[in-house]
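What follows is a set of notes on a single structure, which appears directly below.
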Amino acid sequence: MFLMKKVITYGTFDLFHIGHRNILERAKALGDHLIVAVTSENFDLERGKLNVQDSLLKRIENVRQSGLADEIIVEEYLGQKVNDILKYGVDVFVIGSDWTGQFDYLKKYCEVVYLERTKDISSTQLRNEGHIFRIGIITDRKDDAAIVSESKFVSGLDTVGVYTTDGAGAIEPSGQIKTVPGGSDFAEKYELSKIYESPVALIEDTEIVFVHTAIPDRYLYAKQVLQHGRHLILDFPVANRSQMADLYEIASAGGLSIRVRVPLAYLRTFHQLVWLLHSGVIGDVQRIAYSVPDADNAADGAAIILFAANRLSGGAKIEPVESDKEGMTITGTAGRIVIPGKWQSMSYFRVESADMDAPKHYSFNIEGSGFRYLLSVMLSAIKENRPESGMFTPDEALTVIEKLEKAGMLS
Ligand code: C2G
């Protein structure tokens, strides 16, 4: 008797592209019957996939038109995969290598296969498809600050390559940028298709550039990015106020977007907190005690603290104080707000006020490091040709840098 081998694969399949086609083809080749599960809009919201542009119907239609699916179903909730595998008698579960390891728990039920994802999908895009923006990384570090994993959760972005100095020192004593050829395992680690030989080669081949380097090198790279008409994501801060002001000026003249990498500024929880404080829920803010946030260096960490304190106290002159207790506590004249754990990626806080019978709890589902929310806002702003969104304003950036300079943290 012929036993049909059933294969299942999952995805959003937004802006259907060559990477999607490739995985469906290879999944189909692993068996006799291919089931493709397309995520529902609600499920994508729940799992933190942002910026999905095509409707569920359109995404299903694109999968159907590929001619590769024998059956199409909708994925609607977390935990559905196990249920589907049992219900349809699935033999093989297939997913791209960006998910390696994450679905090993399904091995109890069927074979699990991770197929190498297709690199550089944006280069093969047809003109009339929804546009996929190309991101490049300029770095002297071994880590990518999670931009690769986070950008995968923002539909319409493709992180294609890296220029890395491998920590060899990026700037000549004359102030010129050194060109240090790649030779890094960075691209392999993050599955990037391209290693660029110079910063300019990377800049010219991409549309958004992430400058992820030591503080003294940030400005020169960032300036090159903007001068070439590309949008910029920048580790924060730069070395002084005039550098930052200069970058904003070039960006504004060129209609370009600058986002400094402070994901906290993009979290819904943080906005709700600011709004509650400003509406006086704990009276006037008197004290902000914080635990030191994770950051690449002391100045980057201090920049996050100063930004947060400035917003939370509504610009009042409150010096935040370091505490050895994990989290943040904001004390006001009529109560306090407690954010336990890592406050820089806050998904929860508690309001305790004299007027309340019991504390009030606020929580929002924040996925990942929060970087994806910044990327999503940036992408929408670029597409709609809108300038700064108010999430982290140039004025705030300049104020923070000024304070760091005064504290001697940037020299
Ligand atoms: N893919 C790929 N190459 C790319 C992009 C995507 O091989 N350049 C693969 C992904 O690894 C995934 C499939 O195409 O296996 C669908 O990708 P997405 O639409 O981005 O969906 P994803 O967010 O990966 O959803 O339950 C949902 C699944 O967990 C995966």
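The values are calculated or read from the model by the stated rules, or taken from the named source; none is laboratory data. All values derive from a computational prediction rather than experimental measurement. Every residue, glycine among them, receives a Cβ derived from its backbone with ideal geometry; neighbour counts consider all protein chains shown.
The requirement of being near the ligand (Cβ under 9 Å from one of its atoms) and touching a His at 6+ places or on another chain (Cβ under 6 Å) is satisfied by F13.
Selection of the range 20-33 for residues being near the ligand (Cβ under 10 Å from one of its atoms) and either buried (at least 20 other Cβ atoms within 10 Å of the Cβ) or on the phi > 0 side of the Ramachandran plot (or both) yields H20, I23, L24, A27. Scanning the range 172-197 for residues that are farther than 26 Å from W99 by Cα and at pLDDT 85 or above yields a single hit, E197.
For S66, the conditions (1) out of contact with any Lys or Arg (no Cβ under 7 Å at 6 or more places or on another chain); (2) more than 10 Å from the ligand (Cβ to nearest atom); (3) modelled with pLDDT of 95 or more all hold with the exception of (1). For the range 1-10, a residue qualifies if it is surrounded by 17 or more Cβ atoms within 10 Å (Cβ to Cβ) and either more than 13 Å from the ligand (Cβ to nearest atom) or in a loop (DSSP other than H, G, I, E, B) (or both), and exactly one does: K6.
Apart from one condition, D300 fits all of (1) of a type outside the set (A, V, I, L, M); (2) part of a strand (DSSP E or B); (3) within 20 Å of I401 (Cβ to Cβ); the exception is (2). Hey, does the range 275-285 have a residue that's out of contact with any strand residue (DSSP E or B) (no Cβ under 9 Å at 6 or more places or on another chain), of a type in the set (S, T, N, Q) and surrounded by 15 or more Cβ atoms within 10 Å (Cβ to Cβ)? Scanning the range 275-285, I find no residue that is out of contact with any strand residue (DSSP E or B) (no Cβ under 9 Å at 6 or more places or on another chain), of a type in the set (S, T, N, Q) and surrounded by 15 or more Cβ atoms within 10 Å (Cβ to Cβ), so the answer is no. Taking the range 46-63 as the range and being among the aliphatic types (A, V, I, L, M) and within 13 Å of the ligand (Cβ to nearest atom) as the test, the residues that pass are L50, V52, L56, I60, V63. When G390 is tested against (1) under 25 Å from G156 (Cβ atoms); (2) assigned by TED's automatic domain parsing to the domain that holds A303, exactly one condition is not met: (2).
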